[in-house]
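The values are calculated or read from the model by the stated rules, or taken from the named source; none is laboratory data. All values derive from a computational prediction rather than experimental measurement. Reconstructed Cβ throughout: ideal geometry from the backbone, glycine too, with neighbour counts over all protein chains shown. These area figures cover heavy atoms from the full protein model, side chains too; ligands, DNA and RNA do not enter into them. Shrake-Rupley method; radii C 1.70, N 1.55, O 1.52, S 1.80 Å.
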Amino acid sequence: MFTLRSCCRGGVDIAFRQSNTIKSTRAVGLILQNKAFSTEKRSTTSKPRNNSRGRRLGPVEQLLQFANRKQDSSIQPTAQTYQDILQSLGYLGLSKEAWAIFGDMQACNVVPSIANWNALLQSSRLDCHLQQHTFSRMKELNVSPNAQTYQILLTRLIEERHFEMCIQLLDEMPSFGLTPNQVTMERLIVALAQSGYPRLAIDFVDSFESNTLQKLSVDIWLDILESAASGYYETGVDRAMSVLRDRHIALHEGLCLTVLNFVSRLGKVELAKDILQQLQNLGVAMREEHLEPVIEAYLVMKDTKSALTIFYSMLQLGLSPSSATLRPLTLAVRNDPDLLDSTIQVVDEFQASGKPSSILPYNALLDACTRRGELTRAIEILKTIKSKGIPPNIDTYNSLIHSCASQVNKDVGTAFWNELKDSGLQPNYRTFEKLIQLHLKEGPDYEAAFFYLEEMKSYGITPGVIIYEDFVKKCVRFHDSRLTLVLDEMKEMGYGISISLRRFVEIGGKGDILGLEPSASKPDES
């Protein structure tokens, strides 16, 4: 049997009895609730009360010490006294002490009420398992829960993202004639949306509003929209946008960007226009990240003219689109070769209309030709570029050399390299990577590949491990004595020898050159 004197072993002893000094038992709970986690402002003239060991007592301990002195009082605590104490302990989250008081309450033959059980549930809110145990005990004793019971349980489960248990509790509530309150449902719906479950969030909105005839806060639809757009859930985006339009709710810029990313993948051009209008209404200056998704959305719909209209508008606005801006154009033309001629015609029209000139659309088309292995078309586009008086950049020549490497046309590739040098452009890593690949492709004549390797280093560009592995494989295939030099240089660069490359060398009969034991054949993660 618990007693009030010893109910909190290892903690502060809790012992409350009614006394003539404390006129209202509710004051006990209020003092605990208001002072437990606050710092009491003390008068400069008052002296702090100390215990027998000289330690300063806090306000709660002072109250409890006073209550302990009344332990021998013959006045029986009332149910309200116990409720005030349990409610305060629930507020503080002191489950151990709350259970001790609950045990003393039963020992004094005070029948627990649903409010007492709810206080126990509230006190164990920091321990989900203890809270569920308390609820199971209620069921065993046939204690009928009320709306507050489920609110306490759902609040904790929502915080822990235990959505399956939330659904189970919501299914139980109608059997007791209960419905969840609006605040709890809004928390659940927001948590579902933020956890990536927009479809389930919308289902809960529909279910709650149809069964209770209450309207949830419109703010939850902002979370649902963000979740649906991030997960490319088209129906959810359409539904959320419809609700927000009807209630005249504007999106913030971050959410606009999320929706723009969504429309860029699905080609929802009309929605993209709507979002751009909202950004303008917010007074946001147009930037690259606002317009690039719109370009992609048009290209998903194969509307190259509208996409390029947006691109040239970016130039007129003084923005700085990059090669990545028109990468969707490359993919569109690669997948549909019929778009190539019509797109070139559209670009020529924009150039002739006095729009700011740019090499980027032509580079995007060159890259598409490269990916399709159409070197002849790539050369034709280069001629068009020169005829328009637009100077090629390094990306232009990289695409052309890449195309030559795909078709193993060493003579044309070398000509493009010479043209690049004569133009005064600075080659980059991709330039040398494609030149080396071109001359390592076929046949025993790969001396030029070593030349470009040295050129690469002369420009201060460090060759990557993939380039060295290509040289190793070529040397092994043709029993080239320079294999040792290549492997030594790899080690100097800090590159490890992968298991697959080691096996390749061993199959070629050069396994002893590596000078490594089989047990040391793990690849270098760097």
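So which residues in segment 196-212 are acidic (Asp, Glu) and open to solvent by less than 80 Å² (accessible area, probe 1.4 Å)?
Result: ASP206, GLU209.
For segment 459-488, enumerate the residues that are touching a Phe, Trp or Tyr at 6+ places or on another chain (Cβ under 9 Å) and over 14 Å from ALA449 (Cβ atoms).
The answer is TYR459, ILE461, THR462, GLY464, VAL465, VAL476, LEU487.
Filtering segment 384-402 down to residues that are in a helix (DSSP H, G or I) and open to solvent by 40 Å² or more (accessible area, probe 1.4 Å), which residue is nearest to CYS369 (Cα to Cα)?
The qualifying residue nearest to CYS369 (Cα to Cα) is HIS402.
Looking at this structure, is ALA229 open to solvent by 40 Å² or more (accessible area, probe 1.4 Å), in contact with a helix residue (DSSP H, G or I) (Cβ under 8 Å, 6 or more places away or on another chain) and either within 26 Å of VAL269 (Cα to Cα) or at pLDDT 95 or above (or both)?
No, not satisfied.
Can you find, within segment 232-270, the residue that is surrounded by the fewest Cβ atoms within 10 Å (Cβ to Cβ) among those that are of a type in the set (Lys, Arg) and not in a loop (DSSP other than H, G, I, E, B)?
Step by step, filter segment 232-270, then rank; the result is ARG245.
Inspect segment 457-464 for any residue being more than 45 Å from the chain's Cα centre (by Cα) and open to solvent by 80 Å² or more (accessible area, probe 1.4 Å) and give the result as yes or no.
no
Restricting attention to segment 332-352, report how many residues are open to solvent by 60 Å² or more (accessible area, probe 1.4 Å) and under 11 Å from TYR312 (Cα atoms).
Looking only at that region, the number is 0.
Count, please, the residues in segment 422-435 that happen to be assigned to a helix (DSSP H, G or I), open to solvent by 10 Å² or more (accessible area, probe 1.4 Å) and hydrophobic (A, V, I, L, M, F, W, C).
0
Can you pull out every residue in segment 399-449 that is within 18 Å of ILE359 (Cβ to Cβ), within 44 Å of the chain's Cα centre (by Cα) and hydroxyl-bearing (Ser, Thr, Tyr)?
SER399, SER403, THR431
Could you pull out every one of the helices (runs of 4 or more DSSP H) wholly within segment 281-381 that has 2 or more residues that are small (Gly, Ala, Ser)?
It comes to 304-316, 338-352, 360-371.
Is it true that some residue in segment 285-302 is of a type in the set (D, E, K, R), more than 26 Å from the chain's Cα centre (by Cα) and surrounded by 15 or more Cβ atoms within 10 Å (Cβ to Cβ)?
yes
It is to be established whether one or more residues within segment 436-446 are open to solvent by 40 Å² or more (accessible area, probe 1.4 Å), at pLDDT 95 or above and among the acidic types (Asp, Glu).
Scanning segment 436-446, I find no residue that is open to solvent by 40 Å² or more (accessible area, probe 1.4 Å), at pLDDT 95 or above and among the acidic types (Asp, Glu), so the answer is no.
Inspect all residues belonging to segment 280-299 and state whether any of them is in contact with a Lys or Arg (Cβ under 7 Å, 6 or more places away or on another chain) and closer than 25 Å to LEU251 by Cα.
Yes - at least one qualifying residue is present in segment 280-299.
Filter segment 156-208 down to residues that are outside any helix (DSSP H, G or I) and charged (D, E, K, R), then give me how many there are.
Looking only at that region, the number is 2.
Determine which single condition LYS215 fails, assuming it passes every other condition in (1) surrounded by fewer than 16 Cβ atoms within 10 Å (Cβ to Cβ); (2) assigned to a helix (DSSP H, G or I); (3) not hydroxyl-bearing (Ser, Thr, Tyr).
(2)
Working carefully through the options LEU251, LEU308, LEU225, LEU213, find the one that is among the hydrophobic types (A, V, I, L, M, F, W, C) and on the phi > 0 side of the Ramachandran plot.
Of the residues listed, the single one that is among the hydrophobic types (A, V, I, L, M, F, W, C) and on the phi > 0 side of the Ramachandran plot is LEU213.
Sort out which residues of segment 312-327 are closer than 15 Å to VAL300 by Cα and buried (at least 21 other Cβ atoms within 10 Å of the Cβ), and write them in order of number.
THR325, LEU326
Residues of segment 479-498 being open to solvent by 70 Å² or more (accessible area, probe 1.4 Å), closer than 25 Å to THR431 by Cβ and assigned to a loop (DSSP other than H, G, I, E, B), which ones?
Answer for segment 479-498, where residues must be open to solvent by 70 Å² or more (accessible area, probe 1.4 Å), closer than 25 Å to THR431 by Cβ and assigned to a loop (DSSP other than H, G, I, E, B): just MET493.
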